[in-house]
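Participant: Have a look at this one before I ask anything.
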Amino acid sequence: ALHEDTLASLSGLAAVLIELDRLEEAEPLYRQLMEARGANYGENHESTLRAVFALGNVLRGLQKLQEAETLYNRLLQTREAELGPDHAETVRAANNVAVVVAEQGRLNEAHLLYKRVYETRARTLGEKDAQTLTALNNLVAVLLDQERLFEAEPLCRRALAAQEETLGPDHEETLYTAGQLVVLLRKARKLDEAEPLCWRMLNANERTLGPNHPQTIVLINNLAVLLRDLNKLEQAEDLSRRAVEAYETTLGATHPDTIRAVSNLAMVLTQRGKLAEAEPLLRRAMDSCTQKV
């Protein structure tokens, strides 16, 4: 059996390798740590379970998802047996299983797990607790992936209202949920409802991050496309020009995001009958695509 001082050094080195994003090197160390702590203290000892969790995280990072799922399930079963289904550690373990199951495309299983996590946190922590709202957002995300828009919308609106109340309208978590609701509304073709949310997100990002932050520019471009779909072409043109200018300034004239923004502007100009302006932009976009091929 390895001495605890050796195991502590092993654990410290593995943690440093993770911080350096050298997961391939960390993996065998965590395997050794898990086996040694299991032999020294028992399979269900807290230090062994911490090593199980750490190795699961490394394997997930390396996209070894089936093996990560096995370890996360082991952790879940142990937590459930020893602490009960409502304990915070059990719920955290269930959430880890949900994440890795969703990443493998098993959305029905992921939905049931995320639902369990949300309902348990709502019952034990309260509807407006930050962890509960994160769980609610995860549930909404998997419902979106399943195209279950009718079920997802009221849950997403509930999360957004709670975050506006507890975190404020400009908080990054609130804006993330607003973004989820925009995606949902666009998928449901409720474009009129999506527009004010998009404006709100854009204004908040301009205030908090600045007009040339990558996230702000993406929002400018996305809102321009939405306005084009709503046939609000004058506003769409203004924002499309802003997007092109911002992308050119921050990424350069030939970056793929810049070229996509150029194409969007050309489409708006075409719809507005400004064909002489649209033509050189379309040629620029076409030439860029040809060069890539």
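The values are calculated or read from the model by the stated rules, or taken from the named source; none is laboratory data. Everything numeric in this text was worked out from a predicted model, so none of it was measured. A quick note on method: Cβ atoms are made from the backbone with ideal geometry, for glycine too, and the neighbour counts reach across all protein chains shown. SASA here: full protein model, heavy atoms, side chains in, ligands and nucleic acids out. Shrake-Rupley method; radii C 1.70, N 1.55, O 1.52, S 1.80 Å.
Participant: Using per-residue counts of other Cβ atoms within 10 Å, averaged over each peptide, order 55-68, 134-147 from highest down.
Facilitator: With the highest mean Cβ count within 10 Å placed first, the list reads 134-147, 55-68.
Participant: Given an 8 Å cut-off on Cα distances and at least 6 residues of separation, report the relative contact order of region 1-156 as a percent. Write out the running numbers ahead of the final one.
Facilitator: Numbers: 170 pairs, mean separation 18.9, N = 156.
Relative contact order of region 1-156: 12 percent.
Participant: Give me the percent of the accessible area of the chain that comes from carbon and sulfur atoms, probe 1.4 Å, all protein chains in place.
Facilitator: Carbon and sulfur: 53 percent of the exposed surface of the chain.
Participant: Could you work out the relative contact order of the chain? I mean the mean sequence separation of Cα pairs under 8 Å and 6+ apart, divided by the number of residues, in percent.
Facilitator: In percent, rounded to a whole number, it is 7.
Participant: Hey, another quick one. Helix 275-292 against the longest principal axis of the chain: what's the angle in degrees, Cα atoms only, rounded to the nearest 10?
Facilitator: It works out to around 40 degrees.
Participant: OK, next. Can you work out the FRET efficiency for the pair Glu193 and Gln63, with r the C-beta to C-beta distance and R0 = 41 Å, to the nearest 0.05? Spell out each step's value before the answer.
Facilitator: Details: r = 37 Å, r/R0 = 0.91.
For Glu193 and Gln63, the calculated efficiency is 0.65.
Participant: What is the list of residues in region 124-140 whose amide nitrogen lies under 15 Å from a point 7 angstrom out from the Cα of Asp86, following Cα to Cβ?
Facilitator: 124-127
Participant: To continue, here is another question. Before rounding to the nearest 500, sum -39500 (n - 2.57) across all DSSP H runs of length at least 4 in the chain and divide by the residue total; then give [θ] at 222 nm in deg cm²/dmol. Could you put the intermediate results ahead of the total?
Facilitator: Numbers: 14 runs with 242 residues, N = 293.
Result for the chain, helices only: -28000 deg cm²/dmol.
Participant: Out of the trypsin sites (Lys or Arg not before Pro) in region 167-260, which ones are loop residues according to DSSP with at most 11 other C-beta atoms within 10 Å?
Facilitator: Arg189
Participant: Next question. Can you give the local net charge around Val52? Use residues other than it whose beta-carbon is closer than 10 angstrom to its beta-carbon, Lys and Arg +1, Asp and Glu -1.
Facilitator: Summing Lys/Arg as +1 and Asp/Glu as -1 gives +2.
Participant: With θ taken as phi - 60° and the coefficients 6.51, -1.76 and 1.60, list the Karplus ³J(HN,Hα) couplings across region 126-135 in order, rounded to whole Hz; mark glycine and proline as x.
Facilitator: x, 5, 9, 5, 4, 5, 5, 5, 4, 4
Participant: Over region 147-230, calculate the relative contact order: mean separation of alpha carbon pairs under 8 Å at least 6 apart, over the residue count, as a percent.
Facilitator: Computed value for region 147-230: 23 percent relative contact order.
Participant: How much accessible surface does Ser9 have with a 1.4 Å probe, in Å² rounded to 10?
Facilitator: 80 Å²
Participant: Hey, how many Å between the Cα centroid of region 247-291 and the Cα centroid of region 200-235?
Facilitator: Using only Cα atoms to place each centre, the spacing works out to 17 Å.
Participant: Calculated from the structure, percent of Cα pairs over 34 Å apart equals which of (i) 41; (ii) 23; (iii) 51?
Facilitator: (i)
Participant: Moving to a separate point now. Asp287 to Glu147: FRET efficiency via 1/(1 + (r/R0)^6), r the Cβ-Cβ distance, R0 35 Å, to the nearest 0.05?
Facilitator: Details: r = 37 Å, r/R0 = 1.06.
That pair, Asp287 with Glu147, gives E of 0.40.
Participant: Go through region 204-217 residue by residue and turn each phi into a ³J(HN,Hα) via Karplus (6.51, -1.76, 1.60, θ = phi - 60°); whole Hz please, and just put x for glycine and proline.
Facilitator: 5, 5, 4, 5, 8, 10, x, x, 9, 5, x, 5, 5, 5
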